[in-house]
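Heads up, the thing below is written out as structure tokens.
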Amino acid sequence: MPEEKLDAVIVGGGLAGLAAAYRLAEAGKQVLLLERGDAPGSKNVTGGRIYVEPLRTFLPSIIDEAPFERHVVREMITVLDEESSVQLEYAQDGWRKQPYMSYTVLRARFDQWFSEKVMEKGGFVIPNRKVDDLLWEDGRVAGVKAGGEQIGAHIVIAADGALSFMAEKAGLREPLKPANYALAIKEVHKLDEKCIEERFGLDVGEGAANLFVGALTKGMFGGGFLYTNQDTLSLGIVVGIDALMHKQPQIEAYRLMDDFKARPEVARWIRGGELKEYAAHVISEAGISGISKLYTAGMLVAGDAAGFALNMGITVRGMEFAIASGVIAAGVAVDALNKGDVSKEYLAEYEKRLRASFVLRDMETFRHSKEVLENPRLFTVYPKFLSSLFNVLFSVSGTPKKGLYKSARAVAKEYILNWEGMKDFWSLRKL
Amino acid sequence: MKIEEKIACNAIKNDKESHIKLKQDVCKNCRERFCVYACPGHLYSLSEETGEMAVEYAGCLECGTCKIACIYGSVSWEYPGGEYGVRYRYG
């Protein structure tokens, strides 16, 4: 056991770890962040969009100078049936004025910038260092083992991502269950900046976000996304791991991505682009019921490692939770270090502060969203209904047309005006 | 574009040793082959020569989906050692 102890060691240089390191360094604590990749951000994947409004109070001095890609001024939702689609667009002038609500982001760039900010504050960020295990002393976490070295610390913050090996080693979470996670696959396509702006009808610096739902996941829980970055597009799909495992006939995940890309509704955006990167990551989909225990003596868990991610249907959030939980963890760590008390009892304060923040409050509010969102009819029946509805409204053929109301009612009767549809409607109360 | 070509777009530095280990006696009795379908890199396949499950760890995207999907516990999966594995340049 090393005799000298650092104030804090942070495992993982993603947003939670970096935010915690930044705040600890700012408070004058000795903090060491260990990152397994070449640099923070090099093992991270986001869809990506980050909502900055919830972060202004957490990182007030730096959030506005972060290297984001584009501020989002237009939201699009595309509902795909097998051979047709319905697209909805929402935009408002307010989103084109500062302060902007959300930005598209690429993690390699963003996290590296954030780690420079940590170092400016006096925190140490060590890349290429994988943490292998925790160090224990009198039944409490007392540091980490990394590459044969033992590094002692009064407090360890586990911010090692959705697969968190540290939380598992500390006995804070169960082995990962397929029902609680989704697989995200993302491709980054390079396109000229001007071409992106013209293609999406954007002014300089403006961005668009497009969600896709329906036939692309072939009846499975999930959806697709497209975000405009400065000179690239992020295109991807998300599919429940459990749904993927039980799909009959079986289908390889990578084929879902290929089929999605081949759709004209997607191909139109990426035409002429050059594939630069093919990435994958898992996302916690379990909501508040999937979060780990958040603390034990000498250790706190933050960000994806704790399961702080939330699918709210048309918005999906994780990065704000990571930053906010990292900042809150650091705040508790600073107080614990000042008091000289890193006991489990004292660190319970972390959960208390999270419950008072938007992190656990939003997760609590949307406690039942997964039950509603994993209804398979959302990915099959409803896209078909919308598609058929517009088909009868728009189509003109040689036979006399029925009245619009009559036609629409016939389609609704076929798909949604039934007992199942009623139940689905009632289930929306849970959202 | 083939999946192998997509993975070839990535910056990856491979360790000599695989960070994914399989228990062949478990794989032998598996019928669903969840790993084959779940892996976004299409890195799992049955070897035609030996009939054993094989994984091309060199293209691993480090998502961990195989570890989660293999409910029979064949996949022991760790992060590659520091400095190895995929390096996302966009992320």
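Would you tally the residues in region A:78-110 being charged (D, E, K, R) and without any contact (Cβ under 8 Å) to a residue 12 or more places away in the chain?
Of the residues in that region, 3 qualify.
Name every residue in region A:109-130 that is open to solvent by 20 Å² or more (accessible area, probe 1.4 Å) and within 13 Å of chain B (Cβ to nearest Cβ), in order of residue number. Let's see the steps before the verdict.
The first filter runs over region A:109-130 and keeps only residues open to solvent by 20 Å² or more (accessible area, probe 1.4 Å), leaving A:109, A:112-113, A:116-117, A:119-122, A:124, A:126-130.
Result: A:ARG109, A:GLN112, A:TRP113, A:ILE126, A:PRO127, A:ASN128, A:ARG129, A:LYS130.
Can you report the number of residues in region A:198-208 which are surrounded by fewer than 24 Cβ atoms within 10 Å (Cβ to Cβ) and on the phi < 0 side of the Ramachandran plot?
7
Could you tell me whether region A:274-292 includes any residue that is touching a residue at least 40 places away in the same chain (Cβ under 8 Å) and under 30 Å from A:LYS5 (Cα atoms)? Talk me through it step by step, then tell me what you get.
The initial filter retains those residues of region A:274-292 that are touching a residue at least 40 places away in the same chain (Cβ under 8 Å), namely A:274-292.
Still in the running and under 30 Å from A:LYS5 (Cα atoms): A:291-292.
Among the residues of region A:274-292, at least one is touching a residue at least 40 places away in the same chain (Cβ under 8 Å) and under 30 Å from A:LYS5 (Cα atoms), which makes the answer yes.
In this structure, is A:MET101 under 30 Å from A:GLY17 (Cβ atoms), open to solvent by 40 Å² or more (accessible area, probe 1.4 Å) and in contact with a helix residue (DSSP H, G or I) (Cβ under 7 Å, 6 or more places away or on another chain)?
Judged against the criteria, A:MET101 is a match.
Quick one: count up the residues across region A:34-57 that are in a loop (DSSP other than H, G, I, E, B), at pLDDT below 95 and open to solvent by less than 10 Å² (accessible area, probe 1.4 Å).
Number of matching residues: 2.
State whether the residues of region A:167-179 include one that is assigned to a strand (DSSP E or B) and either among the acidic types (Asp, Glu) or modelled with pLDDT of 95 or more (or both).
no
Collect the residues in region B:2-30 that are open to solvent by 90 Å² or more (accessible area, probe 1.4 Å), within 11 Å of chain A (Cβ to nearest Cβ) and in a loop (DSSP other than H, G, I, E, B), keeping them in residue-number order.
Answer for region B:2-30, where residues must be open to solvent by 90 Å² or more (accessible area, probe 1.4 Å), within 11 Å of chain A (Cβ to nearest Cβ) and in a loop (DSSP other than H, G, I, E, B): just B:LYS2.
List the number of the failed condition for A:GLU345; all other conditions in (1) farther than 28 Å from A:LEU211 by Cα; (2) open to solvent by 40 Å² or more (accessible area, probe 1.4 Å); (3) not in a helix (DSSP H, G or I) hold.
(3)
For (1) of a type in the set (Val, Ile, Thr); (2) farther than 19 Å from B:TYR79 by Cα; (3) surrounded by 18 or more Cβ atoms within 10 Å (Cβ to Cβ), each residue gets a yes or a no:
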site: A:HIS154; (1), (2), (3): no, yes, yes
site: A:ALA170; (1), (2), (3): no, no, yes
site: A:TYR181; (1), (2), (3): no, no, yes
site: A:GLU193; (1), (2), (3): no, yes, no
site: A:ILE196; (1), (2), (3): yes, yes, yes
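Give me the strands (runs of 3 or more DSSP E) completely within region A:181-284, filtered to those with at least 2 residues that are closer than 28 Å to A:LEU310 by Cα and within 9 Å of chain B (Cβ to nearest Cβ), ordered by residue number.
Hits in region A:181-284: A:181-190, A:232-240, A:274-284.
Given the options A:SER397, A:SER369, A:SER407, name the one that is over 19 Å from A:ALA215 (Cα atoms) and in contact with a Gly (Cβ under 8 Å, 6 or more places away or on another chain). Spell out the reasoning first.
Values: A:SER397 fails: in contact with a Gly (Cβ under 8 Å, 6 or more places away or on another chain); A:SER407 fails: in contact with a Gly (Cβ under 8 Å, 6 or more places away or on another chain).
One residue alone meets the criteria, A:SER369.
Please verify whether A:ALA66 is open to solvent by 10 Å² or more (accessible area, probe 1.4 Å), hydrophobic (A, V, I, L, M, F, W, C) and within 22 Å of the chain's Cα centre (by Cα), treating the condition exactly as stated.
Considered against the rule, which asks whether it is open to solvent by 10 Å² or more (accessible area, probe 1.4 Å), hydrophobic (A, V, I, L, M, F, W, C) and within 22 Å of the chain's Cα centre (by Cα), A:ALA66 comes out as yes.
Of all residues in region B:46-91, count the ones that are more than 8 Å from every other protein chain (Cβ to nearest Cβ), in contact (Cβ under 8 Å) with a residue 40 or more places away in the chain, open to solvent by less than 50 Å² (accessible area, probe 1.4 Å) and assigned to a strand (DSSP E or B).
Result for region B:46-91: 2.
Condition first: acidic (Asp, Glu), surrounded by fewer than 24 Cβ atoms within 10 Å (Cβ to Cβ) and at pLDDT below 95. Can you find one or more residues in region A:11-33 that meet it?
No: zero hits.
Need the failing condition index for A:LEU393 against (1) aliphatic (A, V, I, L, M); (2) in contact with a helix residue (DSSP H, G or I) (Cβ under 9 Å, 6 or more places away or on another chain); (3) closer than 30 Å to A:LEU18 by Cβ, just the number.
It fails just one condition, (3).
Any idea which of A:LEU310, A:LEU300 is away from chain B (no Cβ under 14 Å), within 22 Å of the chain's Cα centre (by Cα) and either modelled with pLDDT under 95 or within 26 Å of A:GLU198 (Cβ to Cβ) (or both)?
When all the criteria are applied, what remains is A:LEU310.
Considering only residues that are within 14 Å of chain B (Cβ to nearest Cβ) and more than 26 Å from A:ALA27 (Cα to Cα), which ones fall in region A:131-149? Walk me through how you get there before you give the answer.
Of all residues in region A:131-149, those within 14 Å of chain B (Cβ to nearest Cβ) come to A:131-133, A:144-149.
A:ASP132, A:ASP133, A:GLY147, A:GLY148, A:GLU149, listed by residue number.
Can you spot a residue in region A:73-86 that is part of a loop (DSSP other than H, G, I, E, B), of a type in the set (S, T, N, Q) and within 14 Å of chain B (Cβ to nearest Cβ)?
Scanning region A:73-86, I find no residue that is part of a loop (DSSP other than H, G, I, E, B), of a type in the set (S, T, N, Q) and within 14 Å of chain B (Cβ to nearest Cβ), so the answer is no.
Of all residues in region B:62-77, count the ones that are more than 12 Å from B:HIS19 (Cβ to Cβ) and hydrophobic (A, V, I, L, M, F, W, C).
Within region B:62-77, residues that are more than 12 Å from B:HIS19 (Cβ to Cβ) and hydrophobic (A, V, I, L, M, F, W, C) number 5.
I'd like to know if region A:397-404 contains one or more residues that are in contact (Cβ under 8 Å) with a residue 24 or more places away in the chain and either in a helix (DSSP H, G or I) or closer than 23 Å to A:ASN180 by Cα (or both). Break it down stepwise before answering.
The first filter runs over region A:397-404 and keeps only residues in contact (Cβ under 8 Å) with a residue 24 or more places away in the chain, leaving none.
Within region A:397-404 (the criterion being in contact (Cβ under 8 Å) with a residue 24 or more places away in the chain and either in a helix (DSSP H, G or I) or closer than 23 Å to A:ASN180 by Cα (or both)), the answer is no, since none of the residues qualifies.
Select the strands (runs of 3 or more DSSP E) contained entirely in region A:97-151, then report the ones holding at least 1 residues which are of a type in the set (D, E, K, R).
A:131-137, A:140-146
Quick check on region A:87-106. Is at least one of its residues under 30 Å from B:GLY81 (Cα atoms) and modelled with pLDDT of 95 or more?
Among the residues of region A:87-106, at least one is under 30 Å from B:GLY81 (Cα atoms) and modelled with pLDDT of 95 or more, which makes the answer yes.
Just need a number here: residues in region A:288-321 that are in a helix (DSSP H, G or I) and open to solvent by less than 10 Å² (accessible area, probe 1.4 Å).
So the answer is 5.
Considering only region A:355-387, how many residues are of a type in the set (Gly, Ala, Ser), open to solvent by less than 30 Å² (accessible area, probe 1.4 Å) and not in a loop (DSSP other than H, G, I, E, B)?
Counting residues in region A:355-387 that are of a type in the set (Gly, Ala, Ser), open to solvent by less than 30 Å² (accessible area, probe 1.4 Å) and not in a loop (DSSP other than H, G, I, E, B) gives 2.
The values are calculated or read from the model by the stated rules, or taken from the named source; none is laboratory data. Predicted model, so just to flag it, every value in this text is computed and none were measured. Cβ: placed from backbone, ideal geometry, glycine included. Neighbour counts: every protein chain shown. These accessible areas exclude ligands, DNA and RNA; they are computed on the full protein's heavy atoms, side chains included. Shrake-Rupley method; radii C 1.70, N 1.55, O 1.52, S 1.80 Å.
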